[in-house]
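A.B. asks: If you scroll down you'll find the structure; I have some questions about it.
The values are calculated or read from the model by the stated rules, or taken from the named source; none is laboratory data. All values derive from a computational prediction rather than experimental measurement. All Cβ positions, glycine included, derive from the backbone under ideal geometry; neighbour counts span all protein chains shown.
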Ligand SMILES: [Zn+2]
């Protein structure tokens with residue numbers, strides 16, 4: 001094997017000898033790609049609109065952006081992708097993606113072929129949980145439950161610094177459990193796109209919050225505006241958030257009873273509601289089967305970069321076993 005002079009001296013490596021991690025956040029509206037060095041520093045970040053409802057163009061845009069970011073960062077990169085849904089362990093094909101044009105496609109195989117290297121894919125909420133566990137609000141915690149509350153309600157579980165995917169790649173999909181301990185007026189609950197009614201997502205997502213507010217007082221107001229008005233003293237908006245917090249407390253008490261994580265981190269648009277972090281833990285003890293509850297509910301610390309960062313850390317630094325995924329195939 002030929003050894004280049006740069007490897008025999010202490011001189012800095014040539015730019016294209018740099019080992020990089022690239023993380024991709026494939027969303028329904030945008031594709032974001034970032035390159036990181038081994039110290040976790042973000043070197044380059046770019047985004048393009050997702051070619052909606054066009055699988056081939058989505059694939060092409062993603063590959064083009066990865067190669068451009070890799071070139072700009074100056075190195076050779078491993079590639080991890082966070083995306084909605086998951087790869088079915090049974091078929092190897094994408095399932096459960098709300099970017100429905102990805103469903104039924106062998107996305108990892110196609111990407112690997114076009115990039116000329118293996119890629120790792122994971123659910124975007126799993127990437128969020130991993131990012132917060134390794135570099136964010138939940139550093140040092142053994143068991144982390146990361147929830148993204150935005151247009152939907154997704155969640156991921158990280159245990160000992162690794163994503164726990166589960167036998168069916170469905171671990172953390174608690175948003176499609178029914179809202180626990182429902183009151184009479186919460187039955188059967190709003191219809192959900194999954195085909196059932198009264199799912200946690202139909203209450204805790206942004207659209208769920210807006211629907212609940214409209215049903216209570218007849219006002220069409222965005223979730224962000226509800227939070228803003230409540231903070232300014234609007235009683236109807238405050239009452240909507242009180243209902244929301246009580247429902248979140250019940251939903252997370254279910255998680256604590258089953259998983260008992262050290263930390264629950266919230267992400268997504270509604271994680272900006274600061275009152276959640278004091279009000280929800282004040283309420284959840286009523287439903288947790290324990291004499292006391294020490295679980296911490298925390299805001300995210302990785303901010304906008306959690307998706308790309310979590311995806312990038314699906315790969316290890318130097319070829320050792322991946323820290324980012326559980327013991328099964330990382331496909
Ligand atoms: Zn559902």
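A.B. asks: Just wondering, is there one or more residues in region 59-80 that are out of contact with any strand residue (DSSP E or B) (no Cβ under 7 Å at 6 or more places or on another chain) and buried (at least 20 other Cβ atoms within 10 Å of the Cβ)?
C.D. replies: Checked against the condition, which is being out of contact with any strand residue (DSSP E or B) (no Cβ under 7 Å at 6 or more places or on another chain) and buried (at least 20 other Cβ atoms within 10 Å of the Cβ), region 59-80 yields no hits at all.
A.B. asks: Kindly indicate whether residue 226 is more than 16 Å from the ligand (Cβ to nearest atom), under 19 Å from residue 270 (Cβ atoms) and surrounded by 13 or more Cβ atoms within 10 Å (Cβ to Cβ).
C.D. replies: Judged against the criteria, residue 226 is a match.
A.B. asks: Can you tell me which residues in region 152-164 are in a loop (DSSP other than H, G, I, E, B), in contact with a helix residue (DSSP H, G or I) (Cβ under 7 Å, 6 or more places away or on another chain) and either surrounded by fewer than 17 Cβ atoms within 10 Å (Cβ to Cβ) or modelled with pLDDT of 95 or more (or both)?
C.D. replies: Across region 152-164, the qualifying residue is only 161.
A.B. asks: Does at least one position in region 183-202 carry a residue that is touching a helix residue (DSSP H, G or I) at 6+ places or on another chain (Cβ under 8 Å), away from the ligand (no atom under 16 Å from the Cβ) and modelled with pLDDT of 95 or more?
C.D. replies: No, every residue in region 183-202 fails to be touching a helix residue (DSSP H, G or I) at 6+ places or on another chain (Cβ under 8 Å), away from the ligand (no atom under 16 Å from the Cβ) and modelled with pLDDT of 95 or more.
A.B. asks: Note down all Cβ pairs under 9 Å where the first residue falls in region 162-189 and is within 16 Å of residue 246 (Cα to Cα), the second is away from the ligand (no atom under 16 Å from the Cβ) and in a loop (DSSP other than H, G, I, E, B), and they're at least six residues apart or on different chains.
C.D. replies: Listed by first residue and then by second, the contacts come to 180/287; 181/287.
A.B. asks: All but one of (1) closer than 29 Å to residue 33 by Cβ; (2) modelled with pLDDT of 95 or more hold for residue 232, so report the exception by its number.
C.D. replies: (1)
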